[in-house]
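This report concerns only the one structure given below.
Just so you know, all these numbers are worked out from the coordinates, no wet-lab data involved. The structure displayed is predicted, hence computed values, not measured ones. All Cβ positions, glycine included, derive from the backbone under ideal geometry; neighbour counts span all protein chains shown.
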Amino acid sequence: MKEDLLEKVKKTFKPEFLNRIDDIIVFHSLTKDHLYDIIEIELKEVKERLKEQGIVIDLDKAAKSLLIDTGFDPLFGARPLKRTIQRFLEDPLAEEIIAKRFEKDKPIKVSAKDGKLIFK
């Protein structure tokens, strides 16, 4: 695959330009498994911040799928995922916590319904 790419690059660009390039890296599209790994890393950071306040959250697969489906863009990859987590999870959860809708020391279960995250 890389060899094919190098041939196309050589046909497209002049040698003067190619001599200025140190290396060519081929990126492959992200799979669903990659996205679940990425979201686990992002959620770990959120969970650690909440844990410092004595709050534990548990997201089911439907909640994670909603975040992935909403936050993944084939053009930009997983970059929008952080903003999606902020908008769909952190902001609404903060409002629920401020309104004291959860019992202290009881884990908050997060699921998805009708395109929104549900906190129980």
>> Of the residues Ser65, Ser29, only one is touching a residue at least 24 places away in the same chain (Cβ under 8 Å) and surrounded by fewer than 11 Cβ atoms within 10 Å (Cβ to Cβ); which?
In response: Ser29
> Pick from Arg87, Arg83: which is surrounded by 14 or more Cβ atoms within 10 Å (Cβ to Cβ) and among the basic types (Lys, Arg)?
Replying inline: Arg87
